[in-house]
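Beneath this line is the structure, given in C-alpha cells, with notes to follow.
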Amino acid sequence: MPALCATPDSSLPCSAATDDASSKRLSWGKIMQKLTDFSNHSLHSDDEHFRNAFSHSGSDSVDSGSLSESDFLYDPVEETLCSEVVDLIEQSLTEAKDSALRCSKLLIPDQLMEHIGQELLHLAASEPCGLRGALINLCVEQSNACQSVEQIAVDPDLVPTFQLTLVLRLESGGLWPMIQDLFAPRSHSAPILRHALRLNTGFRVIKKKLYSSEELVIEEC
C-alpha cells in the first residue's frame with residue numbers, strides 16, 4: 001500500500017499540508033466554477049420548494065413530515081465534489097488496466113460507481129472537513145491478493161482527516177468466465193492477447209479516522 005500522509009493534530013483537523021506528488025489532484029477551479037453556475041439556480045429552486053411547503057401547510061411553519069431527509073442533508077458542494085472524485089476513481093481504474101491490473105479491457109458497471117459515490121458521501125458526512133479531508137486508497141482484489149491501484153488525496157492542500165480503503169472485486173462467477181475472451185482484442189500472432197476483466201458491483205470499504213484512536217469501520221457494500 002502507498003505511504004500515508006502524516007497524521008494531523010486533533011485540534012487542527014483541516015490544517016494545510018504540503019502537496020503529495022504521488023496523489024491525484026482535483027481541479028478546484030473547475031469545481032468552484034460549477035458551484036458558482038449552480039448557486040443561482042439552486043437558491044431559486046430551494047426558495048420555490050420552501051415557498052410551496054409553506055403554502056401547502058397553510059401557516060408560517062413547515063410541517064416536518066412534508067420534507068424528506070434529502071431536503072435537510074443535500075449539500076451541493078459535497079455532491080459536486082463527490083462527482084469529481086468518482087470520475088477520478090473511474091479514470092484511475094481505466095489507466096490501471098495496462099499496469100497494475102494487466103488486462104486488455106476493464107469493464108466498470110455504472111451501478112458500481114453510483115454506489116461508491118453514495119458510500120463516499122455517507123462516510124464523509126460526520127467528518128469535520130467532509131469529503132475534502134479524505135485520503136482514498138483504491139485497490140482491486142485479484143487472485144486472493146489485494147492489488148493497489150492508486151492513492152487519491154481529495155484536497156492535496158489539506159492534511160487528511162480520514163482514510164478510506166476501497167477494495168473492489170473482480171467478477172468471477174456466473175456467465176462472465178465463459179464470455180470474457182470475447183472482450184479481449186485479437187491479433188494475427190496470437191488469438192487472444194490478454195483477458196478482459198469485469199468489476200463486480202459489490203465492494204468493501206474500510207474507514208480509519210486519522211485524528212482519533214477510534215476503531216476501524218468496515219462496511220460490505
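Mind listing the long-range amide H neighbours of F203? Cut-off is under 5 Å, sequence gap 5 or more, other chains count too, H placed in the peptide plane at 1.01 Å from N.
The answer is C221.
Multiply the residue separation of E220 and E90 by 0.36 nm, subtract the distance between their alpha-carbon atoms, and state the gained length in nm to one decimal.
Residue separation times 0.36 nm, minus the Cα-Cα distance, leaves 44.8 nm.
What percentages make up the Cα-Cα pair-distance distribution of segment 126-173 when the bins are 10 Å wide from 0?
All Cα pairs considered, the percentages come to 27, 41, 23, 9, 0.
Taking 0.36 nm per residue of sequence separation and subtracting the Cα-Cα distance, how much length would be gained by fully extending the chain between S83 and C146, in nm to one decimal?
20.1 nm is the gain from fully extending S83 to C146.
No value in this document is a laboratory result; all are computed from the given coordinates. Note that the structure is a prediction, hence the values are computed from the model and not measured.
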